[in-house]
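Asker: Starting off with a structure, shown below.
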Amino acid sequence: RDVVGQAQTGTGKTAAVALPILSNIDIRQTAPQALVLAPTRELAIQVAEAFQTYARYIPGFHVLPIYGGQSYGPQLSALRRGVHVVVGTPGRVIDHLDKGSLDLSQLKTLVLDEADEMVSILKEGLDEIIAELPKNRRTFLFSATMPGTIKQLIQNYLNKNVVQVSADMQTLGNQGIDHQYIVVDPIEKLNVLMHFLTSKEGERGIIFCKTKAAVNKLAKNLAINK
């Protein structure tokens, strides 16, 4: 039976799907037996590493993360040698399907991880991938939310006799953390940040930025003003 899981990050979704997949892996088969689709390359790498950890006592097991931003060479070489599980972002999976380098004809299991994030990014891409998969596969779909687009995806591509599981959606953070925010004009952000960091001298911290370009720009400014 197909499974729909509504759960947030940190509730054990990867283990919940990886362990049953690994218990049914045929090591002798070199074509991918499971495909995990993830919205970002960071998540794809994380899930692939989890599979490798869980499979450390399965000799000869191979999992391959495929995502944009990495050259095709290593991915093509690994696919030619044979892998049991592929974890990828939709865009790069479509690229390999178009090139004929990814054979999903023997697939047993499809996993849509954080499906709500993927649908918002690449709905048409998901449809294109799923159309290439065997009809008798098993599908796991995980999502933190259940918007109409996800319900439509479930209706179109999962078995009618689907199992639905909801994890406890209450997320408890560290109760010892203070939360503060400052509303500031964008042009003044660096000055305000430097003033804040000066007042916290000697402490360590993490600064999050929205884009890669913003990270590089801030890092350069911090190096200049340190």
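Asker: Mean-square fluctuation check for the chain, GNM, Cα pairs under 10 Å: which of GLY69, GLY100, GLY176 is largest?
Answerer: Maximum fluctuation in the GNM of the chain, among the listed residues, is at GLY176.
Asker: Same structure again: Provide the gained length on full extension for the span ASN156 to LYS189, in nm with one decimal, where the gain is 0.36 nm per separating residue minus the Cα-Cα distance.
Answerer: 7.2 nm
Asker: Which pairs break 19 Å Cα to Cα here: LYS189/LYS217; LYS189/LYS212; LYS13/LYS160; LYS189/LYS210; LYS189/LYS220; LYS135/LYS160?
Answerer: From LYS189/LYS217; LYS189/LYS212; LYS13/LYS160; LYS189/LYS210; LYS189/LYS220; LYS135/LYS160, over 19 Å: LYS13/LYS160.
Asker: Consider just the alpha-carbon atoms of the chain and return their Rg together with their Dmax, both in angstrom.
Answerer: Rg then Dmax for the chain, in Å: 21.0, 61.
Asker: Using a 1.4 Å probe, what is the accessible area per residue for the chain, in Å²?
Answerer: In whole numbers, the chain has 63 Å² accessible per residue.
Asker: Right, here's the next one. Run the helix sum for the chain: -39,500 (n - 2.57) per DSSP H stretch of 4+ residues, divided by residue count, reported at 222 nm to the nearest 500 deg cm²/dmol.
Answerer: Working: 8 runs with 97 residues, N = 226.
Taken over the chain, the calculation gives -13500 deg cm²/dmol.
Asker: If I fit a long axis through the Cα atoms of helix 189-199 and take the longest principal axis of the Cα atoms of the chain, what angle between them do I get, 0 to 90°, rounded to 10?
Answerer: The angle comes out at about 70 degrees.
Asker: What is the gain in length, in nm to one decimal, between ALA16 and THR211 on full extension, counting 0.36 nm per residue of separation less the C-alpha to C-alpha distance?
Answerer: Between ALA16 and THR211, full extension yields an extra 67.0 nm.
Asker: Using unit Cβ charges (K, R positive; D, E negative) and no other charged atoms, how large, in debye to the nearest 20, is the dipole of the range 55-178 about its Cα centre? If you can, show how the numbers build up before the last one.
Answerer: Details: 12 positive and 13 negative charges, 133 e Å.
The calculated dipole for the range 55-178 is roughly 640 debye.
Asker: On a 0 to 90° scale, report how tilted helix 41-54 is relative to the longest principal axis of the chain, with both axes built from alpha carbons and the result rounded to the nearest 10.
Answerer: Tilt relative to the chain: about 60 degrees.
Asker: What distance in nm lies between label points placed 7 Å from Cα along the C-beta direction at ILE58 and ALA131?
Answerer: The two pseudo-label positions are separated by 3.1 nm.
Asker: Determine, from the Cβ-Cβ distance of LYS200 and THR145 and an R0 of 41 Å, the FRET efficiency 1/(1 + (r/R0)^6), rounded to the nearest 0.05.
Answerer: On the way: r = 35 Å, r/R0 = 0.86.
With R0 = 41 Å, the Cβ-Cβ based efficiency is 0.70.
Asker: Another question, if that's okay. Pulled fully out, how much extra length does the chain show between HIS179 and THR9, if you take 0.36 nm times their separation in residues and subtract their Cα-Cα distance?
Answerer: Result: 59.1 nm gained on full extension.
Asker: Continuing with the same structure: Considering only protein heavy atoms and a probe of 1.4 Å, how much of the accessible area of the chain is carbon and sulfur, as a whole percent?
Answerer: Taking all protein chains in place, the chain shows 52 percent carbon and sulfur surface.
The values are calculated or read from the model by the stated rules, or taken from the named source; none is laboratory data. The shown structure was predicted, so the numbers you read here are calculated from the model rather than taken from an experiment. Glycine gets a Cβ as well: all are built from the backbone with ideal geometry, and neighbour counts include every protein chain shown. Each accessible area value is taken on the protein alone, full model and side chains, heavy atoms only, with ligands, DNA and RNA left out. Shrake-Rupley method; radii C 1.70, N 1.55, O 1.52, S 1.80 Å.
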